[in-house]
Every structure is written in C-alpha cells, then in structure tokens.
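Only the coordinates and a few stated rules stand behind these numbers; no lab work does. The structure displayed is predicted, hence computed values, not measured ones. Counting neighbours? That spans all protein chains shown, and the Cβs are built from the backbone with ideal geometry, glycine included.
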Amino acid sequence: MRLFRTKGGCVVERERQYFRVDGADWDELLAQEDLHGALVELIAGCESIADFHSVELLAPIGRQEVWAAGVTYYRSRGARMEESKDSGGGSFYDRVYSAERPELFFKSTASRTVGTGGKVRIRADAKWSVPEPELTLLVSPGGRITGYTIGNDMSSRDIEGENPLYLPQAKVYSGSCALGPGILVSEEPLAASTEISIEILRQGRVEFAGQVALTELKRDPKTLVEYLFRDNEFPHGCFLMTGTGIVPPSTFTLASGDLTRITIESIGTLENEVA
C-alpha cells in the first residue's frame, strides 16, 4: 500500500487501485501507530479513481522533523575519510562506522523540504556538492517504523570535509532535502534485497549512475530508531534517513540544471532538478 500527499488531502494506492481521500489530516495520519490499519479503514467504502497526476503530489511531510544517520555504509565511510583527510578528521568517520552508537543528526523541516518534481539546491558557498540517495523511514510517535519513502540528503562535501563540525552547514539549508514520491506502508519490513539506484542527468545525458542493495546497510533500521528516540520525543512522528551507499567520484559535483532520479522499486522514483 502506498500513501501520497496531495493539495486536497491524500491518495491511497492499494492493489493497483487508487482511492482519493479529501480533507484528510496528514499529521494525524502519520501519527498513527498502526498506519496500515488506519489506511484500510480510511478507504473502506470509497470508490476507486482511475489514476491521479503526479503534478498533484506534495512532499509527504507535515509537522514531522527529518533526521539522518551517517556512515552506515562502507562506501560512505571511505568517502567521508577521503574528503576530510586534509583536516585531520578522517579517523572520526572510521571510528563511528565501527562504534556501537551511530551518527545521528537533524536534517530538515517541512519548509526546507521539497517533493518529487521540486527543486533541490546547492549552497552558493560550496564547490563540491552531491546528492545522497537514501532509504528513509517513517517513524510513529511511539518509535514504530510504519512506512518507507525515498530521501535525497543534499550535501556540501567540501564544507563538511574542511571540518566535521561544519556538518550542520553542509547539510541543513533551504532546499537541502527531498522526500517522495509517496510513502510505502507495509506490515512487513522492507526486504534486505531491495535496491536503491540513482541517475544524475546533465543536459539529457547520464553523468553518473549507481545502485546499492540494503544488504550493504551496516546499521539495523530498528537500532537507528532506538537511538534516535533516546531522550527525545516526536509527537507527530518523524522521518529518519538511513545513510547512503552511493557516492559519486571526487571529480563530480552537481551543477544548476542537473536532474536527479532516485528509485526504490517498491516506493517509486524521486525526481528533482537542481536549482
């Protein structure tokens, strides 16, 4: 089952049928501890619609915060060590990769987040910017993983590489986060064989492409959530990005006009142009 946010409410897809629910309170829905059951009840008695247009879609976020986990894939560990070696911060990433406690940081609010079709941004004072395609968890106020979406954790690698303490500036700014296209709501965990893929197009040509399976994710999603909820509360639920295992080469940086396409088959494709 997939849940999409629209201007008038939401659309629920179940067994390849679409059900429009006007006036639905998005934050109330996402705060459900049994979101799957709530959606089944919500569309009971509704007539299906033929389809809906992607232009109707909004980013699937209301009053939730977006948090992120770092250095959860071996490839990410290597990239972070490479970018920060001149500043002496490389060992930080090596140690956190092996540590029991994960790296967790605040990423975004709704005002800084765009949905599929929206424009992501690169910092004007950055010289080395990349998208980071990530499986993103929807977590209920009670700490239960109730859904999955696609996240793009836009990052300024040169700023973070200059000093790890600059991470908030490298990660948190207007247009630095994209979520969508919708939320996969399942009673079962996402299969470890699930793949994340990305294409970056420049003037219609593929400039970079990559993919990674969730089997490469070192940290268990439930453990990431458990650490996030330690001495923390999320009354409207939250989103948690689980890190990236796809990193473009150091010779690549995003440019205005580039198009990023991140796909997780069971969820869909998150597509954004770089402003």
Pop a pseudo-label 7 angstrom from the Cα along the beta-carbon direction at both V40 and R144 and give the gap in nm to one decimal. 1.2
For the chain, what does the helix formula give at 222 nm: sum of -39500 (n - 2.57) over DSSP H segments with n ≥ 4, over the residue count, nearest 500 deg cm²/dmol? -5000 deg cm²/dmol
Quick check: residue separation of K7 and E195 times 0.36 nm, minus the Cα distance between them. What number comes out in nm? 64.7 nm
Tabulate in residue order the Karplus-calculated ³J(HN,Hα) for the stretch 185-197, using 6.51 cos²θ - 1.76 cosθ + 1.60 with θ = phi - 60°, rounded to whole Hz; enter x for Gly and Pro. 10, 9, 7, 10, x, 5, 4, 5, 6, 4, 10, 10, 10
In nm², what is the average projected area of the convex hull enclosing the Cα atoms of the stretch 112-235? 9.2
Over the chain, what is the mean sequence separation of C-alpha contacts under 8 Å (at least six apart), divided by residue count, expressed as relative contact order in percent? 25
Distance in nm between pseudo-label sites at F52 and A99 (7 Å out along the Cβ direction from Cα): 4.2
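Rounded to the nearest 0.05, what FRET efficiency is calculated for E188 and R16 with R0 set to 22 Å and r the Cβ-Cβ distance?
So, using R0 = 22 Å, E works out to roughly 0.75.
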What ranking, highest mean first, results for peptides 264-272, 93-101 when packing means the other Cβ atoms within 10 Å averaged over each residue? 264-272, 93-101
Among the DSSP beta bridges whose two residues both lie in the chain, what percent are antiparallel, rounded to the nearest 5? 90
Dipole of the stretch 185-275 [Lys/Arg +1, Asp/Glu -1 at C-beta], most positive-end residue of P189, N232, V212: V212
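Please report, in debye to the nearest 20, how large the charge dipole of the chain is about its Cα centre when each Lys and Arg carries +1 at its beta carbon and each Asp and Glu carries -1 there.
660
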With unit charges on the beta carbons (Lys and Arg positive, Asp and Glu negative) and the dipole taken about the Cα centre of the stretch 102-149, which residue among A124, L104, I145 sits farthest to the positive side? A124
Eligible lysines near K127 by straight Cα distance, threshold 21 Å, same-chain separation 8 or greater: K85, K107, K119, K171
If R0 is 41 Å, what FRET efficiency do you get for Q169 and E33 from their C-beta distance, rounded to 0.05? 0.70
Between S91 and D231, the two model label points (7 Å from Cα along the beta-carbon direction) sit apart by a distance in nm of 2.6
